[in-house]
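Peer 1: What follows is a single structure, and I will ask about it in a moment.
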């Protein structure tokens with residue numbers, strides 16, 4: 001039996017905000033999903049074409065414009081289903097009538113590839129992470145050595161505190177984090193590296209976390225983020 005996975009996950013850094021847009025390709029069926037299509041979408045479409053992949057799905061980690069502004073460009077040429085959490089559809093009027101809404105704990109089947117849906121509120125009420133085996137596509141919930149802002153519409157630092165604690169406790173330490181932006185000294189890392197070097201995972205007190213996220217962090221840290229010792 002081969003240990004080679006029947007899927008691939010590739011990323012492109014696109015746009016002025018260092019977005020990481022992901023292409024999940026199920027090799028057996030030829031189906032592909034784009035996660036958070038935005039900015040120079042033609043580049044991710046070209047990647048899918050080179051791989052011989054048919055784009056059938058769009059997965060959204062959340063509804064902020066810098067993660068969704070390429071949806072119409074994808075739909076111009078591809079009859080793709082849009083997936084997001086029900087809580088995010090309720091939060092965003094743009095997706096209030098979305099058909100493929102999910103809850104945390106659901107699974108999306110992309111051919112033979114199983115994608116676990118995690119509800120990770122904090123950046124927005126319906127923020128999602130998508131887990132495929134040992135890989136976590138984290139959107140703006142968890143960056144390499146950072147986390148998403150909580151001062152935008154729908155943000156809640158108290159929810160973010162509990163979300164990050166749950167991710168740290170539930171995910172195996174070898175899980176590879178694939179963030180929504182390339183804000184750090186490297187593009188990916190493991191949960192073990194996050195536990196050691198991400199200051200947002202070092203807090204045990206919710207109020208201290210909230211003060212750091214909302215007030216102190218942006219005054220003291222600047223990208224590219226580097227690990228911070230406990």
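Every number in this text was worked out from the coordinates using simple rules, so none of it is lab data. Just so we're clear, the structure is a prediction, and the values are computed from it rather than from any experiment. Cβ placement follows ideal geometry from the backbone for every residue including glycine, while neighbour counts extend to all protein chains displayed.
Peer 1: Run the numbers for residue 192 and residue 166: contour at 0.36 nm per residue of separation, minus the present Cα-Cα distance, in nm.
Peer 2: 7.9 nm
Peer 1: Could you tell me the center-to-center distance, by alpha carbons, between the stretch 89-152 and the stretch 1-37 in angstrom?
Peer 2: 15 Å
Peer 1: With each run of n ≥ 4 DSSP H residues scored as -39500 (n - 2.57), what mean residue ellipticity at 222 nm is computed for the chain after dividing by its residue count and rounding to the nearest 500 deg cm²/dmol?
Peer 2: On the way: 8 runs with 58 residues, N = 230.
Helices in the chain give a 222 nm mean residue ellipticity of -6500 deg cm²/dmol.
Peer 1: Sticking with this structure for a sec: What residue among 98, 89, 33 has the largest mean-square fluctuation in a Gaussian network model of the chain, using Cα springs under 10 Å?
Peer 2: The residue that fluctuates most here is 98.
Peer 1: Take every Cα-Cα distance within the stretch 45-181, group them into 10 Å bins from 0 onward, and report for each bin the whole-number percent of pairs it holds.
Peer 2: Once binned at 10 Å, the Cα pair distances of the stretch 45-181 give 12, 43, 35, 10, 0.
Peer 1: If you average the sequence gap of Cα pairs under 8 Å that are 6 or more apart and divide by the length of the chain, what percent do you get for the contact order? Working shown, then result.
Peer 2: Values: 499 pairs, mean separation 32.6, N = 230.
Rounded, it is 14 percent for the chain.
Peer 1: Compute the acute angle (0 to 90°) between the alpha-carbon long axis of helix 41-50 and the principal axis of greatest extent of the alpha-carbon atoms of the chain; round to the nearest 10°.
Peer 2: Here the helix axis deviates by roughly 50 degrees.
Peer 1: Determine, from the Cβ-Cβ distance of residue 28 and residue 66 and an R0 of 30 Å, the FRET efficiency 1/(1 + (r/R0)^6), rounded to the nearest 0.05. Present the calculation step by step, with values, prior to reporting the outcome.
Peer 2: Details: r = 33 Å, r/R0 = 1.09.
Using R0 = 30 Å, I get an efficiency of 0.35.
Peer 1: Could you tell me whether the chain comes out rounded, prolate or oblate from its Cα gyration tensor? Rule is a ≥ b ≥ c as square roots of the eigenvalues, rounded for a/c under 1.5, then prolate if a/b exceeds b/c, otherwise oblate. Walk me through the numbers before you get to the answer.
Peer 2: Numbers: a/c = 1.68, a/b = 1.45, b/c = 1.16.
Since a/c reaches 1.5 and a/b is larger than b/c, the shape of the chain is classed as prolate.
Peer 1: How fast does the stretch 106-230 diffuse by Stokes-Einstein, in µm²/s, taking the Kirkwood radius from C-alpha pairs at 4 °C and 1.567 mPa s?
Peer 2: 89 µm²/s
Peer 1: Rounded to the nearest 5, what % of the DSSP beta bridges within the stretch 7-220 are antiparallel ones?
Peer 2: Numbers: 28 of 43 bridges.
Just about 65 percent of them are antiparallel.
Peer 1: Oh, and also: Place a point 7 Å from the Cα of residue 206 along the Cα-to-Cβ direction; which residues of the stretch 162-181 have their backbone N under 14 Å from it?
Peer 2: 162-166
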